[in-house]
Amino acid sequence: MEWNLVFLLNSILLGVGLAMDAFSVSIANALTESQMKKKRMCFIAGVYAFFQFAMPMIGWICVHTILEYFNKFQTFIPWIGLVLLFYIGGKMIFETFHKCKKGLSEDSECHCKTGLTFSILMIHGIATSIDALSVGFTIADYGLVMALAASLIIAIVTFAICITGLVIGKKAGSHLSSKATILGGIILIGIGIEIFVKGVFL
């Protein structure tokens with residue numbers, strides 16, 4: 001592969017494809033934080049961008065070093081994504097129903113918050129980017145510098161797409177009120193199932 005427009009376009013399109021799960025999770029993240037500050041939005045998008053940069057590079061390194069073991073590990077990637085996102089999404093829904101105050105009417109607003117902690121954000125980052133390990137095969141014929149450049153482009157695209165998702169989630173969350181957390185949990189579970197189905201059956 002040479003340094004040309006085709007390389008740039010391929011990297012951008014790869015970034016768009018890989019960022020779709022992170023985009024959906026970003027919406028879920030922001031649903032419960034309608035007052036999310038710009039600094040926090042940039043941090044969350046930056047975490048997803050970092051993982052989308054790191055995973056292709058880890059895959060590239062594995063292809064050039066421990067290919068046999070990497071091939072075996074790929075079998076577990078869909079399962080890992082499913083378990084992580086199903087756990088976090090299920091936890092959000094469970095906490096919404098069990099931690100909110102009892103006796104509220106259906107129209108009352110529940111202020112129960114699950115909170116997007118740093119550890120949960122890390123799990124989201126891993127779960128939404130782990131399938132990007134397979135990109136190591138896609139960029140296997142790249143040199144180190146070119147692989148780094150492609151991964152960086154993927155990260156930049158991911159950052160921009162996740163910021164968009166966070167903005168959408170903020171606006172939607174301000175209207176959905178207490179139902180936002182439940183919707184966020186459902187989105188995460190749905191993404192986990194999508195990753196699993198795509199990795200196992202497609």
Review point. GNM, the chain, Cα, under 10 Å: largest mean-square fluctuation among 135, 83, 145?
Key: 145
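What's the long-distance tail for region 119-202, i.e. % of Cα pairs beyond 19 Å? Walk me through the intermediate numbers first.
Details: 1897 of 3486 pairs.
Every Cα pair in region 119-202 considered, those over 19 Å come to 54 percent.
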Point to revise | region 1-77: trypsin sites (Lys or Arg not before Pro) in DSSP loop, at most 15 other beta carbons within 10 Å | key: 37
Review point. Binning every alpha carbon pair distance of the chain at 5 Å from zero, what are the percents per bin?
Key: 1, 8, 16, 18, 18, 14, 10, 7, 4, 2, 1, 1, 0, 0
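Greater than 23 Å separation of Cα atoms is the criterion. Which listed pairs, 38/170; 72/198; 171/198; 37/179, meet it?
On the way: 38/170 11 Å; 72/198 17 Å; 171/198 30 Å; 37/179 21 Å.
Violating the 23 Å limit, Cα to Cα: 171/198.
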Point to revise | Heavy-atom accessible area per residue - region 20-67, 1.4 Å, Å² | key: 45 Å²
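Can you tell me what percent of all Cα-Cα pairs in region 1-47 are more than 15 Å apart?
Details: 615 of 1081 pairs.
The answer is 57 percent, as a whole percent.
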**Study point:** region 1-91: chymotrypsin sites (Phe, Trp or Tyr not before Pro) falling in loop per DSSP and having at most 16 other Cβ within 10 Å
**Key:** 3, 76
Review point. Can you give the accessible area of residue 5 in Å² (nearest 10), computed on protein heavy atoms with a 1.4 Å probe?
Key: 120 Å²
Revision key, fill the gap. Whole-percent carbon and sulfur contribution to the accessible surface of region 49-99 (1.4 Å, no ligands, DNA or RNA) stands at 77 percent
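GluC sites (Glu not before Pro) within region 1-106: which are DSSP loop residues with at most 11 other Cβ atoms inside 10 Å? Mind showing how you got there, number by number?
On the way: sites: 2, 33, 68, 95, 106; in loops: 2, 33, 106.
Of the GluC sites (Glu not before Pro), the ones in loops of region 1-106 whose Cβ has at most 11 other Cβ atoms within 10 Å are 2, 106.
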Review point. At a probe radius of 1.4 Å, what is the per-residue accessible area of residue 91, in Å² to the nearest 10?
Key: 70 Å²
**Study point:** Rounded accessible area of residue 157 (nearest 10 Å², 1.4 Å probe)
**Key:** 20 Å²
Exercise for review: Would you compute the Debye intensity of region 24-98 from its alpha-carbon atoms alone, equal scatterers and no solvent, and pass along log10 I(q)/I(0) at q = 0.17, 0.27 Å⁻¹ to two decimals?
Suggested key: -0.87, -1.23
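The values are calculated or read from the model by the stated rules, or taken from the named source; none is laboratory data. Just so it is clear, the structure is predicted and the values come from calculations on it, not from any experiment. Please note: Cβ atoms are built from the backbone with ideal geometry, for glycine as well, and neighbour counts cover all protein chains shown. Calculation scope for accessible area: heavy atoms of the full protein, side chains included, ligands and nucleic acids excluded. Shrake-Rupley method; radii C 1.70, N 1.55, O 1.52, S 1.80 Å.
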